[in-house]
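Step one of this worksheet: look at the structure below.
The values are calculated or read from the model by the stated rules, or taken from the named source; none is laboratory data. For clarity, every value in this text was computed on a predicted model and none was experimentally measured. With ideal geometry, Cβ positions are generated from the backbone for all residues, glycine too; neighbour counts draw on all protein chains shown. Just the protein is used for accessible areas: all its heavy atoms, side chains included, with ligands, DNA and RNA removed. Shrake-Rupley method; radii C 1.70, N 1.55, O 1.52, S 1.80 Å.
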There are 2 protein chains.
Amino acid sequence: MAGEPDGDGGLESVALTPPTRVTRSRATLADVARLAGVSAKTVSRVFSGNAYVADQTRDRVMAAANRLRFRPNDLARSLRHGGVANTVGFVMGDITNQFYFQVAAGMERELAKHGITMILAATEDDPGSEERVVETLLNQRVRALVIVPIAADQSYLEGERQLGTPVICVDRPARNLVADAIVLRNRSGTADAVRALVTNGHRRIGFICSPGGLYTHEQRLAGYRDALREAGVTDSRRWERLKDVDGRPDEESARELMALPDPPTAIVAGNNHASAGVIRALGERRSEIAFIGFDDFELADALGISVIAYDTLEMGRRAALRLLERLDDPTGPPQHIEVDTHVIARGSGEIPPAS
Amino acid sequence: MAGEPDGDGGLESVALTPPTRVTRSRATLADVARLAGVSAKTVSRVFSGNAYVADQTRDRVMAAANRLRFRPNDLARSLRHGGVANTVGFVMGDITNQFYFQVAAGMERELAKHGITMILAATEDDPGSEERVVETLLNQRVRALVIVPIAADQSYLEGERQLGTPVICVDRPARNLVADAIVLRNRSGTADAVRALVTNGHRRIGFICSPGGLYTHEQRLAGYRDALREAGVTDSRRWERLKDVDGRPDEESARELMALPDPPTAIVAGNNHASAGVIRALGERRSEIAFIGFDDFELADALGISVIAYDTLEMGRRAALRLLERLDDPTGPPQHIEVDTHVIARGSGEIPPAS
DNA sequence: ACCCTCTATGTCAACGCTGACATATCTTGC
DNA sequence: GCAAGATATGTCAGCGTTGACATAGAGGGT
C-alpha cells in the first residue's frame, strides 16, 4: 500500500517560494510611522481607534502598515496597561477527558465575544502539579483563572485573589479559598434519575461509580441515597459499589451486583466510565435490567441509553460570564452556581423491574 | 536613590514626586530589589537562574520576593526578548467537535514539556472568521500557529511565514500556503477496511459519508474506491451516498441502500456522524449487515462495532513535535505527515455476506 | 480682532524586564 | 607580588506601546 495510485496525487511540492529565508524582523509602530511620514503616536492612534486622526492620515498610515505587514504587539500593549494581559487561564485536569474541553469550548466562545483569549494548561490529574501550572499562567499575567481544582487545597491562591485576580472553579468547589464555583446539579440530578426508576416500580437499584471520594461522585451518591430514602428503601448500602482502584472495577462491580441472589432490577452509573463498565457487564441482558448513566455520550441516543445529561458548554459559558462579572466588580461574596441536569429517557431507563 | 525620602509625608515637595498611588499593586523586580537591598538586575539574575549570585544574596532576594508575592512578568520578559511570547496558537474549527480538543490535548502535553503554553481560538467552522482569529493570535505574538484549515485559502499567512512564524496544519493541508501538514492516513486507511470486507467475501459494499467535499472525506472516498477497484468491483458508484445537506441524511442514505433490490452486504461510514446514522438505520438488522465506521467512539467496543481508528492525541503530539523542529530550524521543505490508522475488529465488521 | 473650542498631531517617559558592559573582590598560579 | 581568571554585583538603555501633556491650525461666537 505504499504507492498511492493515481487519483489526486501530488499533495505537496510546488513550493510557492524557495525554502524560506528568515528573520527580516517585524515592523513596529515606529517603522510604519517613518514610512507614512507621521509620528509613532499617530500610528498608535490609528490602531487603537479612539482618537482624532484625519481620514487622509489614516489612509496613509494604513497603507504603510499593510506594506510592512505591521501588527500591533499585544505584549507591549499589555505591558503598558498595568502589565496585565487580555487573557484568562484555564487549568484542567486530565487532558484526555473531553469534559474539560467542552467546558473550555463554552468558555472560549463567550470570552471571544469580549476579545479575551484563553490560555490552556493541564495538570494531568496530578495534584502536585496544580500549583506549578497555575504559576505558569500567573506569570503570563492572565486576568483571571478558571480551574478545575485537583489539588487538596487551593489556599496557595489566596494571595493572588487579594491582588485582584478572580478565581473561578469549575466542576468542583475550591478548598480553603474564597472563589466562585460552577458545578453540576449532581445531587438532585442523580436523585431525579433514581426517583424515575422508583416511580417505574424499581426498589432494588444499584449505584456504581469509581473512583469514590471526588466531590462530584460524593454528591451523586448522596443524591442516590436521598431518593432511595424518600422511597423508604433502607438497605441502599447493599447496592452501592464505589471502588478507588484502577483497572476495570466498574464492570466487575456490575457483574457482582448482577450475581447477587436478589440482583438489582436497575442500575445507575455515577459517571461515564462507570456507564461503559455497566454496559459491558450487561451485555445481552441489556433489555432486562434498567440502566441510567450520569453523563451523556455519543451514540447514546442511537443505542437507546437513558442518561442524566447536562450542557457542558453551558458550564464553560457560565464560568466565563461569572469571570467577566468579577473583572467588572471584584467585590461581593463567592457564588455557588449550579448548572442544571436532566434525565433523558431513551429506553434503557424505562425498563420495568423484571421480578 | 535620589527622590523618595522616607516612606510617608513629604507633602511639601512641590513638583518632585506626585503623591504615589496607594493601590496595592503587584510587586516588581524593583520592589523586591529595594526590600532586599540589592539592584533589580540581581533579582533578575536570581529569577532567571543562570548567573553568578551569592547564596546569601539569593536567600535574601527570595525572602523579599516571597514577602511581596513577587512573580516575574512574562509579558515584560517576552517583550525584552524580541517581542515574541513563549506561546503557540491553536486555531480549531467547530468547538463542539471533540476531535479538535483531542488534538489540542496531545499538543498541550508535548508543549508543556518545553515550557510553552498554548492559546486556544476557534473559528466556529466559519471560514470567514479564520483570518480574524489568526490575527488575534498573531497579535499576541505566538511563536507558531497550528491550525485546522477551514477557510478556502490560507495564502494570507504567507507574509507571516516569511517573517518566521511556523504554520502547521492539522487534519487538512493548507491551500496556497507552504506549511507542514499532519493528516490522517485517510485514503489507505479506508481502503484497508474495505479490503478486509472483500477478503471476507463482500462485493456489494456501501459507503456513506456527509458532507462530501471536505479533504478528509474525499480521501476516504478515494480509498474506498481504490479497494473496490482492486477487487474488480466496477459499479462502486452505485453504493456511494454522499450528501451535503443537513438534517439526518446519513440515516436516510443507509435506509435507501438497504432498500435496494440487491442491497449491500456491508456498509462503511466515512465519519462518526455517518456511523451514527447507519447504526440507527440498521437497528435490529445489525447482525445481518457488516459495518465499519471511520472514527472510533466511546463504547464502540462495548457494542461490538468495528472501526477505523487512530490516535487523536498522537496527531496533536506530532503537530507539536513538528512545530518544535520548525522553531529550531525554520528552513526545509514542508512535511506532509500521515498519522496511522488501523482497523479494529470488534464484530460488526466481520459479519460475512448474507446472500 | 479676540477668545474659545474642536480637531489633529507631536514629544516624552515609562510599563517590567534583561543584555551589554562596567566594576569590584577574591582566587589561583608562578 | 602581580597578571589572569572566576565570582558577584551594579548601571543603563531599550524591547513596542500608549497616557499625559504640549502644540498648532481651523472654525465659531461676540
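Numbers below:
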| item | result |
| --- | --- |
| First in the range B:310-330 and of a type in the set (Lys, Arg), second anywhere and in a loop (DSSP other than H, G, I, E, B), Cβ under 8 Å, 6 or more apart | B:322/B:335; B:326/B:166 |
| Residues being at positive phi and facing chain A (nearest Cβ under 10 Å) - total across the range B:100-127 | 2 |
| Candidates A:269, A:259, A:281, A:274, filtered to the one that is surrounded by 21 or more Cβ atoms within 10 Å (Cβ to Cβ) and out of contact with any strand residue (DSSP E or B) (no Cβ under 8 Å at 6 or more places or on another chain) | A:281 |
| Scope the range B:22-37; condition of a type outside the set (Val, Ile, Thr) and part of a helix (DSSP H, G or I); matching residues | B:29, B:30, B:31, B:33, B:34, B:35, B:36 |
| For residue B:77: the one exception among (1) more than 9 Å from DNA strand C (Cβ to nearest atom); (2) among the basic types (Lys, Arg); (3) surrounded by 14 or more Cβ atoms within 10 Å (Cβ to Cβ) | (1) |
| Residue in the range A:246-285 that is farthest from residue A:204 (Cα to Cα), counting only those that are more than 14 Å from chain B (Cβ to nearest Cβ) and of a type in the set (Ser, Thr, Tyr) | A:253 |
| Checking residue A:253 against (1) buried (at least 21 other Cβ atoms within 10 Å of the Cβ); (2) touching a residue at least 60 places away in the same chain (Cβ under 8 Å), the condition it does not meet | (2) |
| Cβ-Cβ under 8 Å pairs, at least 6 apart or on other chains, the range B:122-135 side outside the structural domain of residue B:152 (by TED's automatic domain parsing) and within 14 Å of residue B:160 (Cα to Cα), far side at pLDDT 90 or above and of a type in the set (Lys, Arg) | none |
| Evaluation of residue B:308 against (1) more than 22 Å from residue A:272 (Cα to Cα); (2) open to solvent by less than 20 Å² (accessible area, probe 1.4 Å); (3) in contact with a Lys or Arg (Cβ under 7 Å, 6 or more places away or on another chain) (one fails), failing number | (3) |
| Residues of the range B:178-211 that turn out to be among the β-branched types (Val, Ile, Thr), closer than 30 Å to residue B:160 by Cβ and open to solvent by 10 Å² or more (accessible area, probe 1.4 Å), as a count | 1 |
| Residue within the range A:41-50 that is within 11 Å of chain B (Cβ to nearest Cβ) and either at pLDDT 95 or above or within 8 Å of DNA strand D (Cβ to nearest atom) (or both) present | yes |
| Per-region count, the range B:138-151, residues in contact with a helix residue (DSSP H, G or I) (Cβ under 6 Å, 6 or more places away or on another chain) and closer than 14 Å to residue B:126 by Cα | 2 |
| Residues of the range B:64-81 classified as more than 15 Å from DNA strand D (Cβ to nearest atom) and without any contact (Cβ under 8 Å) to a residue 12 or more places away in the chain, total | 1 |
| Boolean, residue A:108 is of a type in the set (D, E, K, R), under 19 Å from residue A:322 (Cα atoms) and either buried (at least 24 other Cβ atoms within 10 Å of the Cβ) or more than 16 Å from DNA strand C (Cβ to nearest atom) (or both) | yes |
| Residue in the range A:38-46 that is within 11 Å of DNA strand C (Cβ to nearest atom) and not in a helix (DSSP H, G or I) present | yes |
| Check on residue A:84, open to solvent by less than 10 Å² (accessible area, probe 1.4 Å) and in contact (Cβ under 8 Å) with a residue 40 or more places away in the chain | no |
| Test for residue B:334: is it more than 10 Å from chain A (Cβ to nearest Cβ) and farther than 21 Å from residue B:189 by Cβ | no |
| Leading residue by the ranking (nearest to the other protein chains (Cβ to nearest Cβ)) among those in the range B:128-159 that are open to solvent by 10 Å² or more (accessible area, probe 1.4 Å) and of a type in the set (Ser, Thr, Tyr) | B:136 |
| Checking residue A:274 against (1) farther than 17 Å from residue B:283 by Cα; (2) assigned to a helix (DSSP H, G or I); (3) touching a Lys or Arg at 6+ places or on another chain (Cβ under 8 Å), the condition it does not meet | (3) |
| Number of positions in the range A:85-99 that are within 13 Å of residue B:78 (Cα to Cα) and more than 7 Å from chain B (Cβ to nearest Cβ) | 0 |
| Test: residue in the range A:81-101 that is of a type in the set (Gly, Ala, Ser), at pLDDT below 95 and more than 16 Å from DNA strand C (Cβ to nearest atom) | yes |
